[in-house]
Each structure stands twice: as structure tokens, then as C-alpha cells.
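Data first, discussion second: the structure below is written as C-alpha cells.
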Amino acid sequence: MPIHIYLDKAKQILDKNFNGRFTVPSVHLYLHQWNWDSAFIAIGYSRYNTDRAVLELKSLFDAQWENGMLPHIVFDRNNLGRYFPEPDFWQTERSKYAPSDFLTSGITQPPIHGYAALKIYENSNQKEKVKEFLKWLYPRLIKLHRYFYLERNPDDNGLIYIRHPWESGMDNSPMWDPVLDRIDLSKVDIPQFKRKDDKIIDPEQRPKDEDYKRYIYLVDLFKKHNYDERKIFHSCPFIVIDPMFNSILAASNEALMKIADIIGEDWKQPEEWYLTTSRSIRDLLYSKEKKIFYAYDYIQKKQIQVETSAGFMPLFGGVASHSQAVEILEYMNSASFCKIHENNCFAIPNYDRTKKDFSTKNYWRGPVWININWMLFQGLKRYKFKQKAEHLEKTIIELPVRFGFYEYFDSKYGTGYGTKDFSWTAALFIDLVYDYLYTGISSAKREIIVKTDTDIVVNRNGNSVAVSEPKEIYREFNLLTGQMIDRYVSNGSVNYRKLRMSPEYKLFQNVAGKLKDFDLSVIDTAEKERAFWINLYNMMVVDFIIRMKVKRSVREVDNFFEKLKYEISGKKYSLKDIEEFFVSRKDREALVSLVRGTQSSPPLRFMSPDSPQEDILSAVKDFVNSSEVMVVPEEKAVMVSELFRWYDKLFDSTETVSRFISSYLVDERKKLFLEKETSPQYLYLFYDWYLNS
Ligand code: 2M8
């Protein structure tokens, strides 16, 4: 399914979750407005609906407390009774700061709103309108940050504490276990309560009852202190400094400096906050030995040495020093989280996979979350760790496409968990896909696009060469193609830089020039013809990539497959023409084995000129047994490359695709499934256009 169909789907989810004033995280479980969810949602809207983006933040800040705190939930009066805890439990009216016209919770969440507000401005094409809104929002953002620096900054070093796991946004993260464990459930009074979440979502995917008891114990304590910060600080057993919360705050301070500049305000205050918090994160939360940032237990005055994705978050907002960034990248890209190209994981799971209590499916204890990966993607991009950034970006787009717009995803199989049609998954997907559709390539790799409105005959400007015998041209073409692949391709990856400088490529350009006057009749058998056109197609792609100075993706060149051509025997051929040739021959195998200069292509190999059948079949096998084709019997699902849709004349039904795949699959169990299952669910994978370099 083309990517814009998923984009529409994501927008429909936001529409469904929008209640006229704000967008709930999900109508299945979270029927109110959540603090940081709304910021992510606004970022998604900012790509196509400025009004909604603005409204999202506006409705949230309307419920800001008098002391500056931005509540973690703003309740929808029309939807009470379906979530726990709700206003009757929070009783925030006990605080003199709580708003009288809104029902809210009494805690906050990671302050990503400054960052989101700047994104709205950057993405919107209604700059004046957003500027007006920023003038309204800026003092409120300052008020929020001031609350943190005045009320939650006990050592005056810019490290802000949180006083409830819900404030971290990563509710049951293993990071909080050592602190929560100190609340002895047999010794404290916990009010009676009834959870609602575990009746809606499989309890295996949600926090345990013991966790909830502690969450509720803390809320009850806040209530007893009438939400007085000082009193809470002195009696609350959970006072921790979260590297993610603080990194996000730093990122928002930085955004506030830019916003101040846009609306003509003084940016000194946010700058000072930015510098203080960043310095303290670097100096106090980092472990040089473990190469990760840790949370800090303020009561026991020590780092909480539990490795989670929060420990990488100082990349977001540019807080980590360069050497720290390099070190944490190494950890992030290890088996503990997920290595690039490792097969059995997706992007960054939320907890170190090597730990005994790691879970692929339990909430914040190991699954993959889209918002976390989105922030890490921004951080990696900022530090120019492009390859890892792209890996995350691809996953963020791929997971919802393959498995649905879920709240979180199994870190091994990708299965969606929690609630479906989840707003921030949809919103951040929209954000990345907008970059993608806009340029056809990743925003981490975006480069100038070459426009080609008319045909460019690429082999015309080769050196003018003496006319050769057709047989000689054919022999040279095969020889050089073989040599180039042999010497500059390893494991299917092409070293375009070396190839461009190589003597073989120089000679190849000459032969390509000679093809203009070539006599195709020397290719006198059907098998030779197959080999020639596949090899030619693959070499044309390589030649076009080099000549058009493609850096990241063939998508940098408009109409790469239609307008770039080779003249052969006096006739012009585009890549598309060659594809059409194979379509007319109903040669599915040849079409699958073509190498389009992309990551989603099979590895580039030379097709033996006289009898290519074996080589073609190896290419098809490589393709079918790669991540381009995923057969998941447990889910009764088949996920295949978009390529099968491009050639729907040949792959005219899912049965045809199943038959084709099953004849090349190595895994017998999957083969059997395809042969037996008459109507598996078919999904089309996102095509990876990055260069096969
Ligand atoms: C989750 O938290 C709420 C409590 O705030 C819950 O579990 O009921 C977390 O994932 C949190 O980060 C998120 O903001 C919220 C709504 O999506 O759900």
C-alpha cells in the first residue's frame, strides 16, 4: 500500500481522537487530555493543520495552575467514569493553585511544549498566525519553567526532580523499581481503589497491581498535603531526577530562546536555564564507566544504575558532550538495545534487552515506543549520527505500517500492544512521513533534488570511441560488468566512491558509449537476452547514481526510472522500459532480481551471460528470505515488499504472491503456512529507498 494511504489513516486516527477542543491519546483507554501527548500530537498536526496544532497546546495551557504547573491530565467532563484515577480521587481543589474552571490531576509530565511550539512555527506555512499564538504562549511557558526552577530544583543546580513515576511519562520503567520498592506496602495506608486500565488492556502489558498501589499511595500523600510542594518534598519517598525529563526541559529552554527571538522577547532567562540544566546533566547524571546517563535518587543521594532509553535522552536538546555522545551511541548500538541491521529487534527498546527482567511486551519495561524513538532520532540527527538516525526513522515509519498505530510495540516481533489507534504514534508518524513524501528521502539525509523534466541520455556524453564489432562490445560489456561487481561490491553493498574513481568504470563508460551503435542481434538466445537486460539495468542504475552524484537515494533525482536513459542500437531505453520488457515476458523472477540502487533490492550480483538462471534464482531467494518478505504464521500475516504491488499485472492476487514466495522460502514452517492458509492477512512493507552503498 503506498505510504500516503497510511498517512491518511494516521490523520483519520487523530480526527477520531479529536473531541472539538483537544485530542485524546486513545478513545479506547485515555479519554482525557494528557500533557506531553498533546505536545507530540501538536507536532503531527503542525504538518497539515495549523489551527489544530495551536488549539492542542492552547487547550492544555488553559488549564495551567496558578503556580505554573501544567497538569498531566486535563479531564473531559463529558467522559468521566471510564478511567482511574479521575477528579474525585485527585481532589485538586484542595490546592489554592488549581484552576477552578478545569478538572485536572495534581502532577505534571515532561515539559516538551516549548520544543513543540517551535516546531509548530517551523512547520506551519501560516507564520504570522503562529507568531500571534507564540506571543500568547511564551509567558505561559516561562511560567511553567519558572515553576520547575523555583519549586523542583532543591540544589539550585538546574536538575529538576519528579515526585511520581507518572511524571516521568515512563510509568513502570525499571528505573523506578529501586525507589518504589522502598515503599513497604505492608506498612503504609493505601486507600481502596479499583483499576480500570487492566480490564481494557491485557494485564500482561500493563503495570502490576503492586505498582498501582504505590502510584495511588503517592497520589494520596499529595492530596493529604493539599498539593503543597514544600510539604510533599519533605515527606515523599519518591524524589528522583530523571535524565529524560531534564533533557526535555533543556530542549524546551533552547526552543524558548528561539521563540523569544521570533517574537522579540529577551532570551537571557531561558538561556541561563538551558546552560545550568545541561551542565548538571553532563556532570552529575553520566556514568563514564557504564557509558550511559542514569536517573538520580535524591533521597539516597546516588545514581540509579538501571539502563533504559532515558539514559540516551541527553542527545535530545544537545545536552551531552561530544565524547559522551560518542560513548552512548556505542551502547545504544549494542546488543543491549538494538544494533543497526540486527534482525530480531526494532530501533531502541525501552530497557536493556540483556537484563533478566526485560520484557518485550510489558509497557515501559522493554517494548518500543514511537515518541521515545522520535526524540532519539532528533538527537542522533543533531549529533550527526546519521546512520543510526536513519535506522530509527525507518523503524518509526515501518512499525505502524506493518503492525498498526499501536501505543507500543513488541521489541522482538513488532506486534502492537496497549491501545490501538494511538494519537502520538499517528502524529509522529505523520511528522516523519511528511519529510519523506516531500523529498522521497529521509530527513536525516535530505539533499538537493536534481530535476529532470526531459530525457537525459546518459551514455551519449561518453568518450567518442572507435566503432567496434558488436561481439566485441558484448564481450567487453560483460567483462567489465563482472569486474566492477567483483571488485566494488561486497555483500551486495556497492562502494560507489571507489567505483567512480576506478579504471574499470572509465572503461565501462566507453563501452556504454559504444552501445549506441550496438547490434542487439548478437544476443541470440532468450537466456542471453535475460542476462543482458538484467545486467544492463543494474549497471545503468550504478552509472546513473554516479553521474547524477546521488548521495543518499535515487529519489534525489526526479524521474530517475523514467527520464534517465541509455541509447542502445539507436533506441532510447529508460529503466522503466526494461522493466516493461520483463513484464511483457511475464518474467517475475527477473523483475524481482533487478537492483534498483536501494536497500530494498536484492544484493547486486553479476548474471552469467549465457545461462543466468541460477544467478537469477539466487537473487530471488535472497530477496524472499530477507526482511522484504515477512511471513508470520502466529499472526496469520504476510508482509511483503511494495514491489509486488508495482507489478500487479504479474502478481495479480495475493494467492499468486503467496505461491511465488512459498516456492523460494527456505523456512519449511512458513512455506507450509503459505500453502495451507488460503487467506492470510496481507500487508505491504514500506520500501527502503536508501542507497545500497
Ligand atoms: C501512560 O500513563 C498513564 C498515566 O499517566 C496511564 O498509564 O494510565 C503513559 O504512557 C504516559 O506517558 C502517557 O502520557 C499516558 C497517556 O498516553 O499513558
A chain fully extended from Glu634 to Phe233 at 0.36 nm per residue, minus the present Cα-Cα distance, gains in nm 139.4 nm
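Could you list the square roots of 5 times each eigenvalue of the Cα gyration tensor of segment 487-531, that is, the equivalent ellipsoid semi-axes, sorted largest first and rounded to whole Å?
Here the semi-axes work out to 26, 17, 6 Å.
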Starting at the first residue of segment 373-379, write each ³J(HN,Hα) from the Karplus equation 6.51 cos²θ - 1.76 cosθ + 1.60 with θ = phi - 60°, in whole Hz, x for Gly and Pro.
5, 5, 5, 5, 4, 4, x
What figure in square angstrom, to the nearest 10, would you give for the accessible area of Phe233 with a 1.4 Å probe?
60
Along the positive direction of the dipole of the chain (beta-carbon charges: Lys, Arg +1; Asp, Glu -1; about the Cα centre), which of Val54, Tyr436, Leu159 reaches farthest?
Leu159
Cα-Cα pairs in segment 600-693 separated by more than 19 Å, as a whole percent of all pairs, come to 43
Cut-off under 5 Å, modelled amide H: who pairs with Gln303 long-range:
Asp297
Reachable lysines from Lys231, Cα under 18 Å, same-chain residues fewer than 8 places away excluded?
Lys96, Lys223
Entries in Lys258/Lys288; Lys131/Lys268; Lys9/Lys551 that, when Cα-Cα distance is taken, lie over 26 Å
Lys258/Lys288; Lys9/Lys551
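What full-extension length gain, to one decimal in nm, is calculated for Val457 and Ser611 as 0.36 nm per residue of separation minus the Cα-Cα distance?
So the extension gain works out to 52.5 nm.
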Could you pull out every Cys in the chain that lacks a partner Cys with its beta carbon under 4.7 Å away?
Cys236
Give me the one-decimal Kirkwood hydrodynamic radius in Å for segment 217-372, with the sum taken over alpha-carbon pairs.
17.3
How compact and how long is segment 73-179, expressed as Rg and Dmax of its alpha-carbon atoms in Å?
16.8, 49
If r is the Cβ-Cβ distance from Ala526 to Asp486 and R0 is 25 Å, what FRET efficiency results, to the nearest 0.05?
0.45
Would you mind checking segment 12-44 for residues with the amide N under 14 Å from a putative spin-label position 7 Å along Cα→C-beta of Asn78?
16-24, 31-33
How many angstrom separate the Cα center of segment 56-87 from the Cα center of segment 340-371?
31
Taking the Cα atoms of segment 491-561 alone, what are Rg (to one decimal) and Dmax (as a whole number) in Å?
13.8, 38
Over all Cα pairs of segment 188-308, the Kirkwood radius sets Rh, and Rg/Rh then becomes 1.07
Two pseudo-spin positions, 7 Å from Cα along C-beta at His322 and at Ser653, lie apart in nanometres by 6.2
Rh_Kirkwood(segment 1-101) over Cα pairs, Å, one decimal, evaluates to 14.6
How much solvent-accessible surface does Lys119 expose, in Å² to the nearest 10, with a 1.4 Å probe and all protein chains in place?
40
The alpha-carbon pair-distance distribution computed for the chain, with 20 angstrom bins and whole-percent values, is 17, 45, 27, 10, 1
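When the solvent-accessible surface of protein heavy atoms is calculated with a 1.4 angstrom probe, in what order do Leu55, Leu594 fall, highest first?
Numbers: Leu55 60, Leu594 0 Å².
My answer, sorted largest first, is Leu55, Leu594.
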Accessible area of Leu150, 1.4 Å probe, to the nearest 10 Å²?
120
Restricted to pairs 8 or more residues apart or on different chains, the lysines in segment 337-388 with C-alpha atoms under 30 Å apart form a number of pairs equal to 15
Amide H of Ala63 versus every other amide H placed in the peptide plane: which residues, excluding those fewer than 5 positions away on the same chain, fall under 5 Å?
none
Rounded to whole Hz and in sequence order, give me ³J(HN,Hα) for segment 175-181 from the Karplus expression 6.51 cos²θ - 1.76 cosθ + 1.60, θ = phi - 60°, writing x for Gly and Pro.
3, 8, 3, x, 7, 5, 4
Ignoring GluC sites (Glu not before Pro) that are buried or in helix or strand per DSSP, and keeping those with at most 14 other beta carbon atoms within 10 Å, what is the longest stretch of the chain between them?
448-693
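Please compute one quarter of the surface area of the Cα convex hull for segment 349-399 and express it in square nanometres. The partial results should precede the final answer.
Values: hull surface 14.7 nm².
Result: 3.7 nm².
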Please find the FRET efficiency linking Lys194 to Ser618, where r is the Cβ-Cβ separation and R0 is fixed at 56 Å, and quote it to the nearest 0.05.
0.40
With θ set to phi - 60°, apply the Karplus curve 6.51 cos²θ - 1.76 cosθ + 1.60 along segment 87-97 and write out the HN-Hα couplings as whole Hz, x wherever there is a Gly or Pro.
x, 4, 7, 5, 6, 6, 4, 5, 8, 6, 9
Among Ile372, Val640, Ser359 the positive-end extreme of the charge dipole of the chain (Cβ point charges):
Ile372
Report the dimensions of segment 464-594 along its three principal axes from the alpha-carbon atoms, largest first, rounded to Å.
37, 35, 28
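Evaluate E = 1/(1 + (r/R0)^6) for Lys549 and Thr598, where r is the Cβ-Cβ distance and R0 equals 22 Å; express this FRET efficiency to the nearest 0.05.
Details: r = 17 Å, r/R0 = 0.78.
Plugging the Cβ-Cβ distance into 1/(1 + (r/R0)^6) gives 0.80.
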Accessible area of segment 12-56 belonging to carbon and sulfur atoms, whole % at 1.4 Å probe
49
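Counting only DSSP beta bridges with both residues in the chain, what percent are antiparallel, rounded to the nearest 5? Before the final figure, lay out the partial values.
Numbers: 31 of 39 bridges.
If I count the DSSP bridges inside the chain, around 80 percent turn out antiparallel.
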Here P(r) for segment 545-600, Cα-Cα distances in 10 Å bins, as whole percents, is 21, 48, 29, 2
Distances longer than 12 Å among the Cα atoms of segment 318-359: what percent of all pairs is that?
61
Project the alpha carbons of segment 531-658 onto their principal axes and report the range along each, largest first, in whole Å.
51, 34, 25
Calculate the spin-label point distance for Lys506 paired with Arg382, positioning each point 7 Å from the Cα along the beta-carbon direction, and give it in nanometres.
4.7
In Å, descending, principal axis extents of the Cα set of segment 110-245
58, 39, 26
The chain: calculated mean residue ellipticity at 222 nm from DSSP helix runs of at least 4, using -39500 (n - 2.57):
-14500 deg cm²/dmol
When the convex hull of the C-alpha atoms of segment 275-338 is computed, what volume per residue in Å³ does it have?
81
Taking amide H positions as placed 1.01 Å from N in the peptide plane, with prolines and chain starts having none, which residues 5 or more places from Asn19, or on another chain, fall under 5 Å of its amide H?
Val24
Whichever lysines have a C-alpha closer than 20 Å to that of Lys514, once near sequence neighbours (fewer than 8 apart) are set aside:
Lys471, Lys506, Lys528, Lys565, Lys571, Lys572
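The values are calculated or read from the model by the stated rules, or taken from the named source; none is laboratory data. Model, not experiment: these values are computed from the prediction. Methodologically, a virtual Cβ is constructed for each residue, glycine included, from the backbone with ideal geometry; neighbour enumeration extends over all protein chains shown. Note: areas computed on protein heavy atoms with side chains; ligands, DNA, RNA excluded. Shrake-Rupley method; radii C 1.70, N 1.55, O 1.52, S 1.80 Å.
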